[in-house]
Amino acid sequence: MTYAERSAAEGLRSWLVVGGAFLAMFAAFGSKYAFAAFFRPLEVAFGAGRAEIALIFSICAAAYLTLGAITGLLADRFGPRPLLAAGTLLLSGSLFLAGSAGSLTDLYLVYGIGAATGIACIYVPAVSSVQGWFDGNRALASGLAVAGIAVGTLVMPMAAAAFIAGFGWREAYPALAAVALALGACATLLVDRRPEAAATPALRRFLNPDTRAALRSPVFARLYLANTVLSFGLFIPFVHLEPFARDAGLTPERAVLLVGLIGIGSIVGRFLIGSAADRFGRRRALTAMLAGIGVSQLCWPLADSFAGLAAFALVFGAVYGGYAATIPPVCADYFGGARLSGIIGCLYTSVAIGTLAGPVLAGLAHDLTASYTVPILGGGILSLLAALLVATMMSPAAWQARAMAQQPGPG
């Protein structure tokens, strides 16, 4: 089939799944990145340093990325819908309880573990389900789905800041819980796997031989290593851009707005890069996005005004959004779509390692030296290394050809 023929075959049901995944991403990651609005209120409420506050976010991010390996395998076996229903209840319940936290330990457990479990049940099953419905427009569909992360990053931190300003941080968390519950319920009704995928006999096994072979492959190992080194700096802007901006003299309102600008940039990246990657090469697009993340991070310490920090936020958001949009279809290009939830879930555990350490180490560096420069530059260098690792991988076409050549012949 030609590109146009494949595109025409991807009908309304496929795009409804994309819409549901968009809502799921909005609910899950809007709630997660709203943490930026709570950073200063939590510092004041608990008299804590920045490393201690950043640890709340880091535990959450590391936990959902680690648990995604389990929820991905469960989605391969049972479909995404039960996982999304459970994740919606866990996420909204955890956000509601966060408003009653009496200590940082409570937040480490309720937000760091509880909300993370909900996000894990939502993220990998939703984003992986989209891949099975598409061929010609796979990266575009993935970009549209994960654009929910970008819109959530734009809307939810500013909404949380408004709630906090009007009612206080404890009352803001139940408001976020209500939003997450409503959006998650709608997403659960729309997201499902393709019917022929549900009928695949191999999915009756929890971890089938094809999945195990993919996880042992050199391509998976290279992708895993690239994401591991990337992860140490990837989430530092989401946690520390707001306090970085306050240190530079910006008002709290403008500092939170910068996190929203990451969301705006991310929307552009997910739409434009997702569409372009389908036509010009998804692996090449992924390499370019990793390099862009590194370059933008290296430029970040040079910005000391709202205009400079806004430019950084928009550019970083665009390349981060492109990265998020191209990772799932690149995996599908190499490993196929039938068992992709488990493969993607296992791949994302690589990001958990640096995500747990990076924002906390950045906060510790600031607590000790009153500067973020060293961890920011270190993250940029590691991102460029990740780009090099992906750029030197075997192409998907060459990988598929080698895999076909290694299959035993008939008889």
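The values are calculated or read from the model by the stated rules, or taken from the named source; none is laboratory data. Values in this document were obtained by computation on a predicted structure and should not be read as measured data. Cβ atoms come from the backbone with ideal geometry, glycine included; neighbour counts cover every protein chain shown. Note: areas computed on protein heavy atoms with side chains; ligands, DNA, RNA excluded. Shrake-Rupley method; radii C 1.70, N 1.55, O 1.52, S 1.80 Å.
Only residues that are hydroxyl-bearing (Ser, Thr, Tyr) and either buried (at least 18 other Cβ atoms within 10 Å of the Cβ) or in a helix (DSSP H, G or I) (or both): list them for the stretch 75-130, please. First the steps, then the outcome.
In the first step, residues of the stretch 75-130 are kept if they are hydroxyl-bearing (Ser, Thr, Tyr); the result is 88, 92, 94, 100, 103, 105, 108, 111, 117, 123, 128-129.
Matches in the stretch 75-130: 88, 92, 94, 105, 108, 111, 117, 123, 128, 129.
Name the one entry in 14, 31 that is among the hydroxyl-bearing types (Ser, Thr, Tyr) and at pLDDT 90 or above.
On the way: 14 fails: at pLDDT 90 or above.
Within the list 14, 31, the selection yields 31.
Quick check: anything in the stretch 340-348 out of contact with any Lys or Arg (no Cβ under 9 Å at 6 or more places or on another chain), among the hydroxyl-bearing types (Ser, Thr, Tyr) and within 22 Å of residue 132 (Cβ to Cβ)?
Scanning the stretch 340-348 turns up at least one residue that is out of contact with any Lys or Arg (no Cβ under 9 Å at 6 or more places or on another chain), among the hydroxyl-bearing types (Ser, Thr, Tyr) and within 22 Å of residue 132 (Cβ to Cβ).
What do you reckon, is residue 84 more than 19 Å from residue 237 (Cα to Cα) and either of a type outside the set (Ser, Thr, Tyr) or within 19 Å of the chain's Cα centre (by Cα) (or both)?
Working: more than 19 Å from residue 237 (Cα to Cα): yes; either of a type outside the set (Ser, Thr, Tyr) or within 19 Å of the chain's Cα centre (by Cα) (or both): yes.
Yes.
In the stretch 218-254, what count of residues is obtained for those that are polar (S, T, N, Q) and either without any contact (Cβ under 8 Å) to a residue 60 or more places away in the chain or not in a helix (DSSP H, G or I) (or both)?
Count: 1.
Just one of 135, 106 is modelled with pLDDT under 90 and charged (D, E, K, R); which is it? Outline the logic, then answer.
Working: 106 fails: modelled with pLDDT under 90.
Sole residue among the options that is modelled with pLDDT under 90 and charged (D, E, K, R): 135.
Before we move on, is residue 263 over 17 Å from residue 33 (Cβ atoms) and either part of a helix (DSSP H, G or I) or touching an Asp or Glu at 6+ places or on another chain (Cβ under 7 Å) (or both)? Quick ask: steps written out before the conclusion?
Working: over 17 Å from residue 33 (Cβ atoms): no; either part of a helix (DSSP H, G or I) or touching an Asp or Glu at 6+ places or on another chain (Cβ under 7 Å) (or both): yes.
The answer is no for residue 263.
Scan the stretch 134-148 and tell me whether some residue there is assigned to a helix (DSSP H, G or I), touching a Ser or Thr at 6+ places or on another chain (Cβ under 9 Å) and farther than 23 Å from residue 279 by Cβ.
Within the stretch 134-148, none of the residues are assigned to a helix (DSSP H, G or I), touching a Ser or Thr at 6+ places or on another chain (Cβ under 9 Å) and farther than 23 Å from residue 279 by Cβ.
Checking the conditions here, which among 319, 351, 315, 330 is over 30 Å from residue 70 (Cβ atoms) and either crowded, with 21+ Cβ neighbours inside 10 Å or out of contact with any strand residue (DSSP E or B) (no Cβ under 8 Å at 6 or more places or on another chain) (or both)? Before the answer, list the steps.
On the way: 319 fails: over 30 Å from residue 70 (Cβ atoms); 351 fails: over 30 Å from residue 70 (Cβ atoms); 330 fails: over 30 Å from residue 70 (Cβ atoms).
None of the other options fit; the residue is 315.
Which condition from (1) without any contact (Cβ under 8 Å) to a residue 40 or more places away in the chain; (2) within 16 Å of residue 311 (Cα to Cα) is the one that residue 262 breaks?
It fails just one condition, (1).
Give the stretch 337-381 a look and list any residue that's without any contact (Cβ under 8 Å) to a residue 40 or more places away in the chain and either closer than 30 Å to residue 84 by Cα or touching a Ser or Thr at 6+ places or on another chain (Cβ under 9 Å) (or both), or say none.
Listed by number, the list holds a single entry, 365.
It is to be established whether one or more residues within the stretch 290-309 are within 26 Å of residue 221 (Cα to Cα), open to solvent by 30 Å² or more (accessible area, probe 1.4 Å) and modelled with pLDDT of 90 or more.
yes
Kindly provide the set of residues from the stretch 161-196 that are part of a helix (DSSP H, G or I), within 20 Å of the chain's Cα centre (by Cα) and crowded, with 19+ Cβ neighbours inside 10 Å, ordered by number.
176, 177, 179, 180, 183, 184, 187, 188
For the condition open to solvent by 20 Å² or more (accessible area, probe 1.4 Å) and closer than 23 Å to residue 33 by Cβ, what is the one hit in 271, 280?
Values: 280 fails: closer than 23 Å to residue 33 by Cβ.
Every option except 271 fails the conditions.
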